[in-house]
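Values in this text are rule-based calculations from the coordinates and carry no lab data. Remember, it's a predicted structure, so these values are computed and weren't measured experimentally. A quick note on method: Cβ atoms are made from the backbone with ideal geometry, for glycine too, and the neighbour counts reach across all protein chains shown.
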Amino acid sequence: AQSVTQLGSHVSVSEGALVLLRCNYSSSVPPYLFWYVQYPNQGLQLLLKYTSAATLVKGINGFEAEFKKSETSFHLTKPSAHMSDAAEYFCAVSDRAGNNRKLIWGLGTSLAVNP
Amino acid sequence: EAGVTQFPSHSVIEKGQTVTLRCDPISGHDNLYWYRRVMGKEIKFLLHFVKESKQDESGMPNNRFLAERTGGTYSTLKVQPAELEDSGVYFCASSQERTRADTQYFGPGTRLTVL
């Protein structure tokens, strides 16, 4: 069964530092890949998604992610962290084939940004 | 355009009681999803409606959970009788799904606590 692994349940960076949140998926057939963010007391918001074509995907708020098939990875990065980036980040996948549309999720990574 | 709304935002009930959660999707979205996050675990899919029909209910934990979407608009998720392990955050999402990779838009969630 498909699974998603997010390394590091808690990540802490300094303001202005690089943000790197890791995500690996398990399937041999590359799925659709998503990163969602949940700010405190808010719902889940899509940051970006990979469906096909370009392997480097740009999202909102300066985030981007690179799909690497050979590594079954879809890591999320941002060159310079802002205090407002403090939130929980979720990687999710969905199958490209079949009838189901469900998202399969990682455990999430809580990002803290220190002044 | 209004986003996905969920009611209530919080619910605290005792074991054995009944609770009904409501989700109003984005207008015009035929696809509606329910997910749940139990503390310390990943977000898990519960079920998927296309209009008023259940497309996939493979994630429903047991027959204490009943989801409906009468008329293909809002949906309810009833838990009867509630058990301690039902505590968690219940998310609703909706999408248009013109393509397989269409974004699922999430509501803020309902936090359910069963005492």
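If the limit is 32 Å between Cα atoms, which of A:K69/B:K78; A:K58/B:K78; A:K69/A:K102; B:K15/B:K44 go over it?
In this structure, A:K69/B:K78; A:K58/B:K78 lie more than 32 Å apart at Cα.
Shielding by partners for peptide A:101-111, expressed as the average number of C-beta atoms from other protein chains within 10 Å of each residue's C-beta, is 5.
Modelled label positions at A:A97 and A:S80, each set 7 Å beyond Cα in the direction of Cβ, lie 4.6 nm from each other. Say we join alpha carbon atoms closer than 10 Å with springs in a Gaussian network model of chain B; which of B:S27, B:S95, B:S87 then has the biggest fluctuation? Of the options given, B:S27 has the highest mean-square fluctuation. Each Lys or Arg adds one and each Asp or Glu takes one away; over the other residues whose Cβ falls under 12 Å from the Cβ of B:S53, this sums to -2. For a quick check of your reading of the filter: which trypsin sites (Lys or Arg not before Pro) in the stretch B:1-107 sit in a DSSP loop and have no more than 10 other Cβ atoms within 10 Å? For trypsin sites (Lys or Arg not before Pro) across the stretch B:1-107 that sit outside H, G, I, E and B with at most 10 neighbouring Cβ atoms in 10 Å, the list reads B:R98. The GNM of chain A, with springs linking C-alpha atoms under 10 angstrom apart, assigns the highest mean-square fluctuation among A:N61, A:N24, A:N100 to A:N100.
Other protein chain C-beta atoms within 10 Å of residue C-beta, averaged over B:50-62: 1.
The residue list A:Q42, A:H82, A:A97 was ranked by how far each Cα lies along the charge dipole of the stretch A:31-115 toward its positive end, using unit charges on Cβ atoms, and A:A97 comes out on top. Using the Cβ-Cβ distance between B:L84 and B:Q55 with R0 set to 35 Å, the FRET efficiency works out to roughly 0.70. Which percent, to the nearest 5, of DSSP beta bridges fully inside the protein assembly as shown are antiparallel? Bridges in the protein assembly as shown that DSSP calls antiparallel: roughly 90 percent. For the segment A:38-51, counting C-beta atoms of other chains within 10 Å of every residue's C-beta and taking the mean gives 4.
Spatially, the stretch A:61-114 and the stretch A:4-32 are offset by 6 Å when compared through their Cα centroids.
Quick check of the Kirkwood formula: for the stretch B:1-83, what is the inverse mean of 1/r over all pairs of different Cα atoms, in Å?
It is 13.5 Å.
Using the Cβ-Cβ distance between A:E15 and A:L46 with R0 = 30 Å, the FRET efficiency computed as 1/(1 + (r/R0)^6) comes to roughly 0.75.
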